[in-house]
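Derivation of every value follows stated rules applied to the coordinates shown; laboratory data play no part. As the structure is a computational prediction, the values presented were derived from the model and not from experiment. Cβ atoms come from the backbone with ideal geometry, glycine included; neighbour counts cover every protein chain shown.
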Amino acid sequence: MGMYRKIGLGGGCHWCTEAVFQSLIGVHKVEQGFIASAGKDNSFSEAVIVHFDEHNIGLKDLILIHLHTHESAAAHTLRDKYRSAIYSFTKQEEREAKLILKELQIAFEKPLITEVLPFKKFKASDSKFHNYYYSDKEKPFCKTYIHPKLKLLLDKFGELTDPNKL
């Protein structure tokens, strides 16, 4: 088994985020739950930890997909519950993610509000919600909220999706 990297991603409902990242090649595991950072961002916010194989998918691709599959340029009122963030596990990863964000900004008309924050704590969501989409794709929530995100994923990033899953 190869070495996996991990990155924390938050921005929307973690049921949706989990489904998006579970659908990609090179993603070994997605942990669904809540992440807290430091300072003003020390409260828990819905997020996932994505474990990935860099030989199959890069951090830049993961961040690009993340920015396109949640409201990364909108500061809506639920931002405490759904903080738009990339949670780094090391200083090196923090620098890398900040550079990637800066580079990707040109693809977006509005300024990105997604922040790169240090990962501090993780709290898993209730296990009955894990694998939310892939345990029953026909749930009304899945049809309303997750299907459109996965359609966008296929349309825009089809080459990075796992055909065995979608």
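What order, most packed first, do the peptides 106-112, 34-40 have when packing is the mean number of other Cβ atoms within 10 Å of each residue?
Averaged packing, sorted descending, gives the order 34-40, 106-112.
Given the pairs LYS121/LYS143; LYS29/LYS143; LYS123/LYS156, which are separated by over 26 angstrom at their Cα positions?
Those over the limit are LYS121/LYS143; LYS123/LYS156.
Just to be sure I understand the model, the point goes 7 Å from the Cα along the line to the Cβ. What's the resulting LYS121 to LYS137 distance in nm?
3.8
Using the scaling law 2.2 N^0.38 Å as the reference, what is the normalised Cα Rg of the chain?
Normalised Rg, Cα atoms only: 0.96.
Name the residue farthest towards the positive end of the dipole of the chain from the options ALA74, TYR134, ILE7, assuming +1 on Cβ of Lys and Arg, -1 on Cβ of Asp and Glu, about the Cα centre.
It is ALA74.
Please state the charge dipole magnitude for region 34-166, taken about the Cα centre, from unit charges on C-beta atoms (+1 on K and R, -1 on D and E), reported in debye and rounded to the nearest 20.
Around 440 debye, computed over region 34-166.
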